[in-house]
Structure formats: C-alpha cells, structure tokens
Amino acid sequence: MPRRISEIMLDMSMITQEQIDEALKTQRAEKGAHKKIGEILVDKGWINRVDVLKALSRQTGVPYLTSDQFPKEATVDHSISYEFLRDNLIFPVKMTEDTLTIVVANPDNDMALSNLRSAIGKRLEVRLGFAEDIIESLDAFYGSRGAVMRRILDVVQEEEDEAPASTAPETGEVSQLKDLAQDSGIIQLVTMLIENAVHDRCSDIHVEPFEHSVRVRYRVDGILHESQSFPKRMQPAISSRLKLMAQMNIAERRLPQDGRIKGIYDGREIDLRVSTLPTVHGESIVMRILDKSSAFYTLEELGFTEDLRGIYEKLIRLPYGMFLITGPTGSGKTTTLYGTLDKINSPDKKIITVEEPVEYQLPGVNQIHVRAKIGLTFSTGLRHIVRQDPDVIMVGEIRDVETAGIAIHAALTGHLLFSTLHTNDAPGAITRLMDMGVESFLVSSTLIGVMAQRLVRKICPDCREAYAPGDDVSAVFGHPVEKLYRGRGCQTCKGSGYKGRIGIFELLPVDEGLRLLIVENATSARLKEYAINKGMRTLREDGLLKVLSGSTTLDEVMRVTQIAL
C-alpha cells in the first residue's frame, strides 16, 4: 500500500505534524468540498504547488515536470486528437524517433496509456504534472482555433503531397475543381476560416492570391489584419470551395462573380456576401459578414450626443421629405438607418425598405431584397413601393439619376424617405444630387436634412488609461488639454488598444436659408460655410468631443477624417 502523501511530506521536512493535524481537521470540516490534503496545505500557505508535485513524484516513483518545463510549441501532429488528450489529461512534451515523452495527471491510467502507445507506435516516457497545467497547455497548443487551423492545414498539405500535381491545375476541368472543393480537409479549412472571422467580430474576409502564396486577411473594427498564409498550390481548392458554397460558376475565372453563403458559424446564423475578382495571380475573393442573430444598434448606442440626437429625432419625425446619410463604404450608414427606422417604427406607420442585401430583419417593417438578375433594382423596387401606400420608405442607396428621380417624387408626394449617398461630407450630398441630374429646385423642395458619418474605434475598456498630451495636441483642440485616454493593449483587444466602434457625425438640417442657396446652385464650399455659421458641428469637431470624453483617440479621429497635425 503506497504511503500517504502527508507522511512523505513530513519525511521530506516540508511540513510539521501540527500542520498535518490542522489540515486533517479542515478536511473533515469541509467534507463536501472533497479537497485533497495537499490542496489544503497549499491554501494555508504552508507549502507550494511544486512541493506537492515533488511528494507525489516520490509517492508514485514517476519523475515530475512543472509547467515552466513544458514545451513552448506543439509536439505531436494531428494523429492524436485533442479530445483524447484532454479527456485523459495527457500533454505531449517531446517526440523522438522511437519515444514520446508525456506529462500525465494520473500515471495509473493504464488503458489510456496503452491506447496512446498503440496509436503512435512508440515507447512512452511518463512524467507527472498538475491537471490544471496540462489542461491549460492543451487548450493553448491543441484546442485553440489557431491550433485547430494548423492541424487542418497539416492534413490538407499531406493529402496534396500524396496526390499528383495535376489534380490542382489552374485550368482544371469542372469535375476536378468540384473534387478539390469537396475534399474533407479543404471543407474543414474553409469552415474554420469563416468561424474564426465570426468569432473575432470581423466584418470582411479577404482571400488574396499572390505569386507564391494565398493570403487571408480579416477586417476588424475597420482595420485589416493578416490571419493566415497558405501555399500557392492550395489556391484552386480554396477558391473552388468558396465558389461552390456561394453557388457560383466554379469553372469561370475570367469574369467577376457575386454570390451568397448562408450557414451557422460559431453558433450564430451568418449570411456572407461573396465577391470574386480576377487578378494577375488568380481570383481575389472578399466576403462581407452579416450576422443575422446580432441585434442592431439604437441611436443612443451609435454615439449620438444628446444635443445632436435631439435635432436628429426632430428631423426623422417630420411627415414627409427626403433625408440622406452619406459616407464611404463601411462607415455605418445602413446601421444608422436601421436605428432610425426602429426609433420611428409604430403601428400607425407603414414602413417599406428596398435593400441590397437585407442585413437585419426589423419587426413590423416590410423589407425587400434587391435582385438585379431578375430586374428588381433599387429604381424598380422604389417605383412599386410608392403604390403600396407607405408612410416611410428606406432605399439602401441612390446610385443613379433614375433612382434619385423616383426618390424625389416619393418625397414630393407625402412620403418620408431615407437613403444613402457616397460623399465626403454632408453639404457634398446636395451638389452630388444636382451633378446626377436632379434639378436644384426639386432638391430644395424635398430635402429635409443630410448627415455625414464615419466610424472610429473605441478605446478598449479593459486597458483604458489616462495620459497627459503634449502642447501640439492641445493646439488641435484650440485650448489646453490636461488629460486624454488611450488603450495600453491587452488580451481582450489582442494588443490593439481598441474594441468596437462608435460613430462621429456631421448633421446638416435644411432650413430656408439653405434652400435659397440650393436653388442658386451654390458650391459645396459655400453650403458648408453657411451650415457652420448656423451651428453645424463638423465630423472633426464631433470626433474631438468623443476624444475628450474618452471614447476614442485623437489618432483615430485623424485617421478617418484625414486630419494632419
């Protein structure tokens, strides 16, 4: 019968008999906790964890390893499953030609050790370790998404190395491309790429071919980060798999294509808009991620200040007219429109939208998805919407003079219409409409307001810290600034110092004075000058207010508004 651990510790002069008696008394008092005597001694501070490991090693006759002696990278390949290792608390330490050294929490688990020995065909050298150390290392090296990705990549590369080179030709037959796309390793690889992106809150996945490799980048909070790089020979298989999922023509590589992928990824219902574009080195593929299960943002969550929200809500509750939101792609225009419709949605209003695509489903709102292939465009959809007796209409984007003309007509005939334009600032939307061919008097009589917006990254709340800025920063604000905030970088934000985004806004209500300037075909600069004199806060000014409040940093405001110190 093996000696008790407490007796061994006493022999090794780690503890006294009085301490053992006290620990046994605590163990009896805490019977429901099922704590081992070694754990109680550690909790009381009489010994440390390594002392326990030394005593266990003497008790079992098995050498021990502490966590700092574990390897810094994975030791074995995908042939041993992560689930088997974790279930049996086994961590591979070192592999040679004929021996695998492992750390175990229970060296008496003969069945698991026998199964492992048979699976790898090597002799086992067993070392003793703590269960919590083994689990932590397994999760880091074998259980993380990155580790799973590495194992999948190993499988794919092994399969390709074993297959003839002709199985992945750049100009392969359709049947060969389908075979590549349906390979189990490639299926796992592409699924993991998407799941990683969803888990990391990415908005876009970029799969980009180059001369010797295929690069995968994720856009997180508006910034692109490189995620993976694959050998060039994997390009046909990855491209074919994505195109097959998106219901595209996998044999067509000379022309751009668009498609959609729907599925459950990382436990959420995800819709991906897929776009391919032929480049010198192959097809570039970009996937926009739309999370169907995520809730849309309210106006308060978008970053409206109290005074700005008051003005905005007055405009969006007018009975008729046209309101435009402007900004580049990815500036959150559609998200703001959803928050706007949610604010004014009520049983006495009929709201109809025409979108490409429908990103969020709003209760009580009739939403139409644009399908250009069958002739359902923004203009045709809008033309039919006005016959449905709506009170409020939302058009995803005004892209051409036809859509603009129908939108103007809808606003003139008693409808409240919301839409978006691609312009740099709010006054620019007015001149943009007239450049498209809309008469100035029509713009003047229908437009009730324009709002430009950008998205800036928010400072990570877990590593946010205050600092004293220099005089050059105070000069930007026009007054002394004693304290600003920034993110140090932590595990939560993956070292970036930022997590999530918030909007900065430039709201331009259209009053009588501005209507007269529009009829006179005033320039964008003159319109902006008038608006500022009337109290319009520019994008820069709104961004600086959010810097002072600690929501974002001056670098972020400079980046999105192209400000130079």
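The values are calculated or read from the model by the stated rules, or taken from the named source; none is laboratory data. Remember, it's a predicted structure, so these values are computed and weren't measured experimentally. Note that we place each Cβ from the backbone using ideal geometry, even for glycine, and neighbour counts take in every protein chain shown. Each accessible area value is taken on the protein alone, full model and side chains, heavy atoms only, with ligands, DNA and RNA left out. Shrake-Rupley method; radii C 1.70, N 1.55, O 1.52, S 1.80 Å.
Taking a quarter of the surface of the Cα convex hull of the stretch 240-349 gives a mean projected area of 10.4 nm². For the stretch 206-274, what class follows from the C-alpha gyration tensor (a ≥ b ≥ c being the square roots of its eigenvalues): rounded when a/c is under 1.5, otherwise prolate if a/b is larger than b/c, else oblate? Oblate, since a/c reaches 1.5 and b/c is not below a/b.
Seen from residue 494, the other residues with C-beta closer than 12 Å to its C-beta sum to a net charge of -1, counting Lys and Arg as +1 and Asp and Glu as -1.
The candidate values were (i) 28.5, 86; (ii) 48.0, 149; (iii) 31.5, 102; the one computed from these coordinates for Rg and Dmax of the Cα atoms in Å carries the label (iii).
Counting only cysteine Cβ atoms and a cutoff under 4.7 Å, the chain contains unmatched residues 202. Taking all protein chains together and rolling a 1.4 Å probe, residue 271 ends up with roughly 0 Å² accessible. Rounded to the nearest 10 degrees, what's the angle between the helix 333-344 long axis and the longest principal axis of the chain, both from Cα atoms, 0 to 90? Its long axis makes an angle of about 80 degrees. Rolled with a 1.4 Å probe across the full set of protein chains, the surface gives residue 467 an accessible area near 60 Å². A crude spin-label estimate for the pair residue 346 and residue 200, with each label 7 Å from Cα along the Cβ direction, gives 4.5 nm.
Counted by Cβ distance under 14 Å from residue 341, the other residues give a net charge of 0, where Lys and Arg count +1 and Asp and Glu count -1. Our helix-only sum for the chain, with -39,500 (n - 2.57) per DSSP H run of n ≥ 4 divided by its residues, gives a mean residue ellipticity at 222 nm of -11500 deg cm²/dmol.
For the peptides 425-433, 208-216, the ranking by mean Cβ contacts within 10 Å, running from highest to lowest, is 425-433, 208-216. Taking the accessible area of the chain, probe 1.4 Å, and keeping the other protein chains in place, the carbon and sulfur fraction comes to 49%.
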